[in-house]
Structures are given as C-alpha cells and as structure tokens.
Amino acid sequence: MSENVYMTYPFRYAHWFIPEFITRMRRHREGEDKPSPRQGINMGKLLLPPFMRKGHLTFNDLVNVAVITSSVENQGIAEKMAAEILVNVDPEEQLPDPSLDGEDFMSLLQKAVDDQIEVTPYAKGLENELGMAANESAPDQFSSFENKPDIGVGPGEDELIKTGIKYIKDIRKKEAREVLMELLKEKLLKLGREFERKEDFNKSRNLIPYQPGEDTDLIDEERSLDNILDLGRAIDDIRWDDFLMRQRQKQKRHIVFILDISNTMFYDLEGINSISYSIMSMVPLLWGLKREKYGLCFYESNTHVVKDFYDEVNVNPILEDLVSMMFLTTTEMEKRYSHGRTSMTWGGTLPGKSLEWGYDQITEISERGDRMVFIFSDFVLTQPGEETEQTSENYRILQRMSDLGVRVCACVSPLAHKSIFRPYTQSSIAEMKKLGITMIDTYKPSTFLEEVQKFMADA
C-alpha cells in the first residue's frame, strides 16, 4: 500500500482508532476468531516506533497494525474495517462517555424491559445507546462490578452474568433482547479468551520471534522487552520479530461435550434454571477449546448431534444458539429440535444414546492423546430408590470410557444439590463418584473454569 502523505494523524488518534477497530471486529459476523482487548494493547505498542520515528502516524501505519495483529483468516476483513474507519470518521468528533460498568448495565437491563433499543449498521451509535466508550475497555462490552479487564475474573463478574440472565428473561421486545444477548455472549467469551490464554501459556513456554498474523496474545511482554534491550535497539529500530511469542504445540486433545436439555433443566430456582447454569459455563469453555478436536451433542429423550470431531464448522453460530437456549421454554426448545415432528416422549432424561455416541467418537479416533468428556446436566436420572437397566447401562458406558483412559467431567448444576432435587440426584452423583468421575459445579463460571483448568492439567 503506497503512502498518502495527506492522511496523517497525531498519536492521540490511536486511542480512538484502536478500540473502535477492536469493537467493530468483535461484532463482525464473518470473523471466527474475535480480537481480544490484549490485541488493542499490542496495537498501541507497535504504533509507538513509527510515531517516534516520524512524529505522526499515517493511514498505512494504522491499517498495517490492524492487519498484522489480526489472525491470518481475519486479515482481509481487518484491512477493510480499518480503512473504513479511517475514511469515514472525523478524528476531531466528540468521543462517547466511558464504558458500561456494572451499575450502568443494570440500569440498561431495567430500561430495556420497556424501551426500544435501536441498532444501526456496524452498531454505529450503539456506543451512545449503551453508554459504551471508544477506549481500551470498550471491547469488553460488559464490564465487571469491580474487576479490571484481562487481569482475571471474580465474584462481581459472575454475579453480573447471572443478574443479566435474570433480567433478559423478562424482556419481551425482540430487538432489545437480541442486543443484550449479544452483550451477554461477549461477556462469556471474555471468560473464554482468558481461559484460552492460560491454556496456551501452559501448553507451550518455548519462545520464537513474533510472526505477522499470529495471535498477539501469545507475545511474552517481559521476555520481549528483555530481548529488545539485549539487542540494543533504539525505539526507531524495533522490528516485529524483536517481539517474542510462545509457540503453539500441536493439538492432541479430543473432547466431547454433552448437554442435557431435558425438562428438568428448565425448572427455575431463584430466577435461573439448570440450562442457564450449564450454558454460562459451557460457552466460555467451548470457546477456549475451539481449536481442539471436539464433538457436541444435546440429549433429552432423543439425542441431537450438533457437531462431530471431523465436522468443519464456525463456532460462532453454535455459541449464539447456546446463548439463545438460556431464554427458551421447553415448548420452544422442542419446536427448535423436533424438526416439525411432535413426540409424546420429548423432554425425558435419557442420556444413553448420547453417551454411546460420545464413546464411539472417542474410541474411533486414530490419534492418541488426551481424551475428555464433559457432561453438563442436573443429573436427575432416576426416581428415588429406583434403579433401571437403562441407568445401569449409562454407568457401564462411563466405566468403559474410564477403562480406556478417557477422563470424564460431570459439570453439575447447583440445583442438583437443592432439597427439591436431591432425592432424584443423590444416587446418580454418588455412583459417578464411585467411578472416579470428576465433579465440578457450574454455579459460578469463573470458578468452574478454574476447576476445569486443574482437571485438564492433571491429564
């Protein structure tokens, strides 16, 4: 791209351009790997050398840094998006107010019950409607009550997610629900990106020069600074390959996700049901492990295969479907997955076929490596004191998985421990513990992900 000497910008313009670019890329439907806030931080760092060298930034500087820090698959979209921002927006315009915090979000949710939310192309104007800012925290969409972006997550963030779910269920206007569900998804994906980043770091600590197009989250900032100092680089002379990044190891994990969508998963307690608890933990986990070989199915009386190991699909539509399921009734769920067929057996809890499918997926692979199964359920499997051949077969399948070295994690809805459900769940939970199955509660997504991290590290 040739230099246009007339399109130059002061460095302060980068403080507007970077979050605007990140925000638009995260909302773009065609991009599979959404940029993280850390990409924005690295864009700022990479813009500093050309500014120090020339005393200003150029059109090419801004477009190139947007492209080079984006994944290879997204670089075409990134170039178009960056150019569109630069040619259509006046850098002197008044910027929006600071980003949405927890209290503001609560107010928005309450207001959305009665008020219409309008969304224009590229969400232009959404910043004002939602109180979002063109600053480094804007890409987070939801902000936590107390936590800082990308430093970690905590109880404030968990509670915000759960409170958001409760409010969104009361919103009837389609447009408002869609906007707020998208924000909820982005909040869950933030947890997923944090999980993914930790997994990348744990799996590989070997450093190599940064390559344009690689994930900037892999850059080791401290070691990169040491390297630049060791090389004796002046600011003007810093190159892309002076930054050091961790190598990605070849993925060897094969993971099966099984989600219970039976009727009991829709029983509401304190404003949240088991399907919501399961999905708010499952979405960030699935995002964080999306580069692995994974399969996904749902079950009630029937089994619904969403993806097997070898299906090449975009993960984003799957995540959107999962988020929307948190706000469906059992009737709506049946309409979505019965494919127009009515059935008197819909909604039962029959995991056998899904477990068999998961067993077949896991055992048919030729590669050897970590093999894991995550089952999200309330584990209401039997009537009190009742043990059927069907439930016994479920345990036999789980035992066969264990015998083959497959590690199973039961992701348990907190409602399973409530007095109203305990007579129906205590025997199944006790039986799975006997089989050595790891039990992790889904009450708080951040805590859930921490426990999953330990589970995976023990493989």
Q.
I need every pair where a residue in segment 444-459 that is assigned by TED's automatic domain parsing to the domain that holds Phe374 and at positive phi has its Cβ under 9 Å from the Cβ of a residue that is charged (D, E, K, R) and part of a helix (DSSP H, G or I), sequence separation at least 6 or different chains.
A. none
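Answer yes or no as to whether Met25 is touching a residue at least 12 places away in the same chain (Cβ under 8 Å), more than 22 Å from the chain's Cα centre (by Cα) and in a helix (DSSP H, G or I).
no
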Q: Could you grab me the full set of residues in segment 413-428 that are in contact (Cβ under 8 Å) with a residue 12 or more places away in the chain and either in contact with a helix residue (DSSP H, G or I) (Cβ under 7 Å, 6 or more places away or on another chain) or assigned to a loop (DSSP other than H, G, I, E, B) (or both)?
A: Ser413, Pro414, Leu415, Ala416, Lys418, Ile420, Phe421, Thr425
Q.
Can you go through Thr264, Thr329, Thr303 and tell me which one is hydroxyl-bearing (Ser, Thr, Tyr) and exposed (fewer than 15 other Cβ atoms within 10 Å of the Cβ)?
A. Thr329
Q. Restricting attention to segment 414-438, and to residues there that are surrounded by 13 or more Cβ atoms within 10 Å (Cβ to Cβ) and of a type in the set (D, E, K, R), which single residue is modelled with the highest pLDDT?
A. Glu431
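Right, Ser338: without any contact (Cβ under 8 Å) to a residue 12 or more places away in the chain and either outside the structural domain of Gly192 (by TED's automatic domain parsing) or surrounded by 14 or more Cβ atoms within 10 Å (Cβ to Cβ) (or both) or not?
On the way: without any contact (Cβ under 8 Å) to a residue 12 or more places away in the chain: yes; either outside the structural domain of Gly192 (by TED's automatic domain parsing) or surrounded by 14 or more Cβ atoms within 10 Å (Cβ to Cβ) (or both): yes.
In short, yes.
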Q. If we keep just the residues of segment 339-396 that are farther than 28 Å from Phe421 by Cα, touching a strand residue (DSSP E or B) at 6+ places or on another chain (Cβ under 6 Å) and not in a helix (DSSP H, G or I), which is modelled with the highest pLDDT?
A. Arg371
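The values are calculated or read from the model by the stated rules, or taken from the named source; none is laboratory data. If you're wondering where the values come from, they're calculated on a predicted model, not measured in any experiment. Please note: Cβ atoms are built from the backbone with ideal geometry, for glycine as well, and neighbour counts cover all protein chains shown.
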